[in-house]
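The values are calculated or read from the model by the stated rules, or taken from the named source; none is laboratory data. Being a predicted model, the structure only gives us computed values, none of them experimental. Glycine also receives a Cβ, built like all others from the backbone with ideal geometry; neighbour counts cover every protein chain displayed.
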Amino acid sequence: MKSKKLKRTISLVPATSIGLGAMLGAGIFVFPGLAGGKAGVAAVFSFLIGGIIALLVAACTAELATAMPQSGGGYFFISRTCGKFWGTLVGIAQWIGLIFACAFYLVSFGEYAISFLEELNITWNASAKIFSFLFTALLLIINIIGTKKVGSAQNVMVISLAVILVGIFTYGLIVFLGLEDQKVAFSAIAPNGVSSIFTTTALIFTSYLGFVQIANIGAEIKSPGKNLPRSLIGSVLIAMFLYVFIMLVCTISFEYKELNKFGETATIEVARKLLGGWGALLAVFAGLLAALSSANASLISASRGVFALSKDQLITKRASRVNGRFGTPHIALFLVALPVAIMLIRSELEVFAEIASTLHLIIYAGICLAVFRLRSKNPTWYVPTFRLPAAKIISTIGFISCIGLVFFMQNASLLMSFAIIILTLIYYLIFIKRKKIKITHPDPPHIDLDVLNPNVLIPIDISKTKKELPLEILASIPVSKVLLVGYQETPEQRRSDQSKQQYDEAGNKKLSAVLDRFKEASVEVDKKFVFNHNVINQIEEVIKDEEPRFILKLKPFNLIEQIVIPIYSDSQISKDLSTTIYKINSSAPKSVKVVIFESASEDHTYQSLRESVREQFTTLNIAVHSTEVFDLEDLSPKEYIKSKVQSSDLILWPEAKTENHDLLFDLISDAEKDDIPAPLILIVDPKSS
């Protein structure tokens, strides 16, 4: 069975690298001077606090991303959870926030370009803005042309530069403090007071904006239930460690007033003090490339957001046009690069950084709120493969932290940010509110929604004395409707209407207790009777009319310990199967055993069936705990479940397209005869009914 979806080719390490590549950009070179100048050595705590808030948001993002592995980031999650109003507000805030972030990085690039020339003893009398403008145009051209390897190359480049920088600082620090017996530069932890820690956190939070990039490639990550949360949270932890380390070295090397004087080039001066001219040259070169890389990442992300807004008709449709020659969203890219170029006229580094942080903090608060809302409402379509422990508590703390941090921004940054939000609100009221735009929730690519809310058929042989029917398994499969089919085989010469007169009253009495139990559980239930000499054909007609997704034959049981799945055909391996196991396991995880039956006469082999099972189950992070293999000529699937399953097993039998319903009814009949000792769930293939 070959999947037509995007292939999951990105493992844990590359996924983590993508997040790190976006975070370890200009921030690691520009902010140490700005932050150290404001808070002194206490800026270390600012990076820690910012990292903790980012971790809370990353954890919430991980849950949303495994439920909605689509591009669009926070805009997509919030619009699909809260509708077009919040979608418009967040989408435009994300767009403009990334424009400010991109402008911040390009201003930093210009400053580093001048510093790089100075290190080479080259005099440059013109403004640094020229470099910023030129490279804005260069990034636009590169992204329109669409060089596919730019993203991967920049991630490798930034991570390599960060490793080199940490190596230089570590070596230089050992030399500085050890061999030369130097003393630390600071005398007070927070020279400007405790409040400076939080105002500095607000300033540097832009450094942590990159981890959401991982969510944009969720559909291509291997084992997303495990690797998405690990890469999101892991990338933030690594970035936090590096930021704290660099900040600590800077504040040990220079007093906070000196760092404030150095500003965005403080890292260069620290490297110069630790290792001399070569250290400074390498640091400025690293900062130059990192600023360019971060600007490029922001440009790409912002253009994707514009593209998503356009596709949802929240801005002009032209923005979602794709260049016919290069296959890139050229108009969306222009709608990012042009305002960035205009903003470069005013090189307000701190204001740019804080506006970007403010708008993203509002978006991140929305992400946390989306998790809280979805967990409270639990809609059928929301099926994350990673479920955040204590999700409501963590999302609440994340929401409060993000909103609280906003109020530590500078007044100018706050006023501009809220002005953007008010203008967006006016835009919504004038242009969007009256439009008949319906933003619907996404259909989970790894889940069959019909399986989550199915019609269930339970056949009961009313000719036998029935014990109380155990309905515990229905708690694991929320049902839309249950149909009880009471059946009894009659002599061939007796007409159906005669059988109905004879058995109808007795059948109603036998099913009354079962019906009462369903009503107590608030489950919609209906009943039908089949009295015929050919019961199988009659029940098959009922299945065609009612279209149930499951047929249940339940035995009394104390505890299900294992799900046993007989696989003898490729067509059994489907979203129906994986969704059913996921739903059963979501309440109380159980081990999964797959029993594969291979045949020399069939095209499939044991290896191909096992690989198909693994590929299908991986999307929902379902682990197969054990596998058995049998030759169909030696042992049939039906014979296996008669002889080898235990009463604590749950048999999950998906119907194969190559079979017909007779096999299913043979199993029902065997279950009624007590030949099958375990409860049985039959997944009906709707195409074959």
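Among the conditions (1) within 21 Å of S648 (Cβ to Cβ); (2) assigned to a strand (DSSP E or B); (3) at pLDDT below 85, the only one that Y582 does not satisfy is (2). So for the stretch 328-344 (the condition being assigned by TED's automatic domain parsing to the domain that holds I174, in a helix (DSSP H, G or I) and more than 23 Å from G210 (Cα to Cα)), does at least one residue qualify? Within the stretch 328-344, one or more residues are assigned by TED's automatic domain parsing to the domain that holds I174, in a helix (DSSP H, G or I) and more than 23 Å from G210 (Cα to Cα).
Checked against the criterion of being part of a helix (DSSP H, G or I) and at pLDDT below 95, the candidates L388, L415 yield just one match: L415.
Per-residue answers, yes or no, for (1) within 30 Å of D461 (Cα to Cα); (2) surrounded by 14 or more Cβ atoms within 10 Å (Cβ to Cβ):
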{"site": "F550", "(1), (2)": "yes, yes"}
{"site": "D570", "(1), (2)": "no, yes"}
{"site": "T580", "(1), (2)": "yes, yes"}
{"site": "P589", "(1), (2)": "no, no"}
{"site": "K638", "(1), (2)": "yes, yes"}
{"site": "I641", "(1), (2)": "yes, yes"}
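Test I584 against the criterion of being more than 17 Å from F665 (Cα to Cα), surrounded by 21 or more Cβ atoms within 10 Å (Cβ to Cβ) and in contact (Cβ under 8 Å) with a residue 24 or more places away in the chain, and give yes or no. The answer is yes for I584. Scanning the stretch 612-654 for residues that are part of a loop (DSSP other than H, G, I, E, B) and within 31 Å of the chain's Cα centre (by Cα) turns up T619, L620, N621, I622, A623, V624, H625.
Tallying residues that are more than 17 Å from L299 (Cα to Cα) and without any contact (Cβ under 8 Å) to a residue 24 or more places away in the chain within the stretch 324-347 yields 3. Inspect the stretch 101-113 for any residue being under 30 Å from S376 (Cα atoms), touching a helix residue (DSSP H, G or I) at 6+ places or on another chain (Cβ under 8 Å) and surrounded by 24 or more Cβ atoms within 10 Å (Cβ to Cβ) and give the result as yes or no. Scanning the stretch 101-113 turns up no residue that is under 30 Å from S376 (Cα atoms), touching a helix residue (DSSP H, G or I) at 6+ places or on another chain (Cβ under 8 Å) and surrounded by 24 or more Cβ atoms within 10 Å (Cβ to Cβ). If I filter the stretch 352-361 for residues that are surrounded by fewer than 24 Cβ atoms within 10 Å (Cβ to Cβ) and assigned to a helix (DSSP H, G or I), do I get at least one hit? Checked against the condition, which is being surrounded by fewer than 24 Cβ atoms within 10 Å (Cβ to Cβ) and assigned to a helix (DSSP H, G or I), the stretch 352-361 yields no hits at all.
Which one of N411, N453 is of a type outside the set (S, T, Y), assigned by TED's automatic domain parsing to the domain that holds I543 and either out of contact with any Pro (no Cβ under 6 Å at 6 or more places or on another chain) or on the phi > 0 side of the Ramachandran plot (or both)?
Details: N411 fails: assigned by TED's automatic domain parsing to the domain that holds I543.
Exactly one residue qualifies, and that residue is N453.
Filter the stretch 370-386 down to the residues that are in contact (Cβ under 8 Å) with a residue 40 or more places away in the chain and closer than 23 Å to W86 by Cβ and list them by number. If the condition is that a residue be in contact (Cβ under 8 Å) with a residue 40 or more places away in the chain and closer than 23 Å to W86 by Cβ, then A370, V371, R373, L374, P379, T380, W381, Y382, V383, P384 are the ones that fit. For the stretch 558-568, a residue qualifies if it is at pLDDT below 85 and crowded, with 18+ Cβ neighbours inside 10 Å, and exactly one does: I560. Scan the stretch 224-239 for residues that are surrounded by fewer than 24 Cβ atoms within 10 Å (Cβ to Cβ), under 26 Å from A290 (Cα atoms) and not β-branched (V, I, T) and the total you get is 4. In the condition set (1) under 24 Å from L89 (Cα atoms); (2) surrounded by fewer than 24 Cβ atoms within 10 Å (Cβ to Cβ); (3) at pLDDT 85 or above, L281 is compliant with all but (1).
Residue-wise test of (1) under 30 Å from A623 (Cβ atoms); (2) of a type in the set (K, R); (3) touching a strand residue (DSSP E or B) at 6+ places or on another chain (Cβ under 7 Å).
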residue	(1), (2), (3)
F334	no, no, no
G366	no, no, no
R375	yes, yes, no
P384	yes, no, no
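In the stretch 294-323, what count of residues is obtained for those that are without any contact (Cβ under 8 Å) to a residue 12 or more places away in the chain, outside any helix (DSSP H, G or I) and more than 19 Å from I420 (Cβ to Cβ)? Total meeting the criteria: 2.
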